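The values are calculated or read from the model by the stated rules, or taken from the named source; none is laboratory data. From a predicted model like this one, the values you see are computed outputs, not experimental measurements. Cβ coordinates were reconstructed from backbone atoms using ideal geometry, including for glycine residues, and neighbour counts include every protein chain displayed.
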Amino acid sequence: MTSLRAEKSKLAARIATDEEARSQSAVLREVLDLNPEIRTIAEQVRELTAALSEFGERDRIERAIRDLIAGGPLHCRAGDLILPTQAAVHLHCRLTC
């Protein structure tokens, strides 16, 4: 019984990690596609969750933004303006241009 619980726990953690990665990818892709337009964190969250009313979805996008700022591909300026770093823009151009 304990190993079944452990397996369920591992699966839940893997699913959560996959969802976080998808959220971060969606945020980063959106920010890079809009560059040089700059949005606030709240505007970005609204844009990516416009069709959804669940708090959990908005929270997931906010966490993705915070994680991307902490990890380096995004900057936060003037309190809540988010924009991509030069490195992120350069890599995006290499991969898509």
Flag if Asp67 is surrounded by fewer than 16 Cβ atoms within 10 Å (Cβ to Cβ) and assigned to a helix (DSSP H, G or I): no
Restricting the search to the range 12-42, which residues are part of a helix (DSSP H, G or I), exposed (fewer than 14 other Cβ atoms within 10 Å of the Cβ) and modelled with pLDDT of 90 or more? Ala21, Arg22, Ser25, Arg29, Asp33, Ala42
Take the range 70-97 and flag every residue that is part of a strand (DSSP E or B) and either among the hydroxyl-bearing types (Ser, Thr, Tyr) or surrounded by 11 or more Cβ atoms within 10 Å (Cβ to Cβ) (or both). Leu74, His75, Cys76, Leu81, Ile82, Leu83, Pro84
Can you report the number of residues in the range 51-64 which are of a type in the set (S, T, N, Q) and either part of a helix (DSSP H, G or I) or within 17 Å of Asp18 (Cα to Cα) (or both)? 0
Within the group Ala70, Ala87, which residue is more than 22 Å from Asp18 (Cβ to Cβ) and either out of contact with any Lys or Arg (no Cβ under 6 Å at 6 or more places or on another chain) or at pLDDT below 95 (or both)? Ala87
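Okay, residues lined up against (1) within 22 Å of Arg77 (Cβ to Cβ); (2) free of Cβ contacts under 8 Å to residues at least 40 places away in the same chain; (3) out of contact with any Leu (no Cβ under 9 Å at 6 or more places or on another chain):
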position	(1), (2), (3)
Glu19	no, no, yes
Ala26	yes, yes, no
Val31	yes, no, no
Ile41	yes, no, no
Leu48	yes, yes, yes
Glu54	no, yes, yes
Arg60	no, no, yes
